[in-house]
Amino acid sequence: MSYTKRSCISGLFLLFLAVACEANSGFIGVKDSHFELNGSPFLFNGFNSYWLMHVAADPTERYKVSEVLKDASVAGLSVCRTWAFSDGGDRALQISPGVYDERVFQGLDFVMAEAKKYGVRLILSFVNQWNDFGGKAQYVWWARNAGAQISNDDEFYTHPMLKKYLKNHIEKVVTRLNSITKVAYKDDPTIMAWELMNEPRDQADYSGKTVNGWVQEMGSFVKSLDNKHLLEVGMEGFYGDSIPQRKSVNPGYQVGTDFISNHLINEIDFATIHAYTDQWVSGQSDDAQLVWMEKWITSHWEDARNILKKPLVLAEFGKSSRGQGSRDIFMTSVYRNVYNLAKEGGTMAGSLVWQLMAHGMENYDDGYCIVLGQNPSTTQIISDQAHVMTALAHSFN
């Protein structure tokens, strides 16, 4: 490659970085049931990469984080959802209640710095429903070891010791001073939003009322520490008892949350849903799954617009490469549905595919793994959606 060409490419990349950095100035807010950034409507296409901090805890593997964030940014993706928790176990952030591994925290610092560099906003989740990376079961184990009498994991939502543990973790993360950027997390606009919990469920109370009390308490606590950032719950979207007729939209069961009442809480700034048709309605044909998916998204959009009056994000969706049917057809259909609803004023704000990986991470593949560039057709579909959503936001100005 000639020096002239090399200089030209280098200059273009520096310009790209400058534009990306500019895109990360200012906090994302909510106005009239849509997102805003610096006074203009904000719509997006984005992705999940739960593993970023875990991998970045080892400095020799940080190039994987940089690769995914850079490739995502080049494709036009502007929001990434990832974990700000790892409780007990391998590369734990929180080794035991209140005891943290600084090396892992510095991994999260690196994720934040790289996201800022490439113009990608982050949604950071505080704790897991599931046992991966500890979850509420790890909190229960810690509390029992400390002498607490706890009968089941769902006391996570009510037991004073468990709530205290979580509040301590939330405060530790929110008030963290980034060792690289020297900016406190609570002051960094790279963060789009905090998430209380990944996919909260409560088998002890299917009505959603117990989770409601927990969301109110934790939401108020987060806002007392940080009123600059948005806050969401981490919901999958299952309906509860507040509007009984809406329960028919669920895939045949409840999980102890209530999409309506949980999101009506004032401290919660926007609503989320997740969707896995190949798991939730697995017995149905591909076409029937797409019909169900459209109904799932549209029902929640109607409620976000008419009842909640808050933005809606499809915060997890995907199709396993190990199952039947075409991932590309599925994603194209979902993206079209999201775009068509977003055209109606921006309440349907964007989607986050599950999940992007870097090259050489096959051991992390859960069947939903996408490596940008490795599958050109899927990459094109993802990138096209990013660009039409950005163009739509500009058309609202």
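What the table below lists for this structure:
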quantity	calculated
Test result for Asp241, under 30 Å from Phe221 (Cβ atoms), of a type outside the set (Ser, Thr, Tyr) and open to solvent by less than 20 Å² (accessible area, probe 1.4 Å)	no
Residue within the stretch 347-367 that is over 22 Å from Leu52 (Cα atoms) and open to solvent by 10 Å² or more (accessible area, probe 1.4 Å) present	no
Filtered residue count, the stretch 161-192, keeping only those that are open to solvent by less than 20 Å² (accessible area, probe 1.4 Å) and out of contact with any His (no Cβ under 6 Å at 6 or more places or on another chain)	12
Selected residue (only one of Thr347, Thr390, Thr332, Thr378 is at pLDDT 95 or above, under 30 Å from Ser261 (Cβ atoms) and of a type in the set (S, T, N, Q))	Thr347
Hits in the stretch 324-378 (condition: touching a Lys or Arg at 6+ places or on another chain (Cβ under 6 Å) and either hydrophobic (A, V, I, L, M, F, W, C) or part of a helix (DSSP H, G or I) (or both))	Arg327, Phe330, Leu352, Ala358
Test: residue in the stretch 138-159 that is under 19 Å from the mean Cα position of the chain (by Cα) and modelled with pLDDT of 95 or more	no
Matching residues in the stretch 99-135 - criterion: being open to solvent by 10 Å² or more (accessible area, probe 1.4 Å) and in a helix (DSSP H, G or I)	Glu102, Arg103, Gln106, Phe110, Ala113, Glu114, Lys116, Lys117
Residue, modelled with the lowest pLDDT, within the stretch 276-321, restricted to residues that are out of contact with any helix residue (DSSP H, G or I) (no Cβ under 9 Å at 6 or more places or on another chain), open to solvent by 70 Å² or more (accessible area, probe 1.4 Å) and over 19 Å from Tyr339 (Cβ atoms)	Gly283
Matching option when the condition is over 29 Å from Gln380 (Cα atoms) and of a type in the set (D, E, K, R), among Lys136, Lys117, Lys64, Lys70	Lys136
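Quick grid of which residues meet (1) touching a Ser or Thr at 6+ places or on another chain (Cβ under 7 Å); (2) open to solvent by 10 Å² or more (accessible area, probe 1.4 Å); (3) closer than 23 Å to Asp226 by Cα; (4) of a type in the set (Val, Ile, Thr):
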position: Gly29; (1), (2), (3), (4): no, yes, yes, no
position: Ser33; (1), (2), (3), (4): yes, yes, yes, no
position: Gly39; (1), (2), (3), (4): no, yes, yes, no
position: Gly46; (1), (2), (3), (4): yes, no, no, no
position: His54; (1), (2), (3), (4): yes, yes, no, no
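The values are calculated or read from the model by the stated rules, or taken from the named source; none is laboratory data. Remember, it's a predicted structure, so these values are computed and weren't measured experimentally. For neighbour counting, all protein chains shown are included, and Cβ atoms are generated from backbone atoms with ideal geometry for every residue, glycine included. Just so you know, the surface numbers come from the protein's heavy atoms only, side chains and all, with ligands and any DNA or RNA stripped out. Shrake-Rupley method; radii C 1.70, N 1.55, O 1.52, S 1.80 Å.
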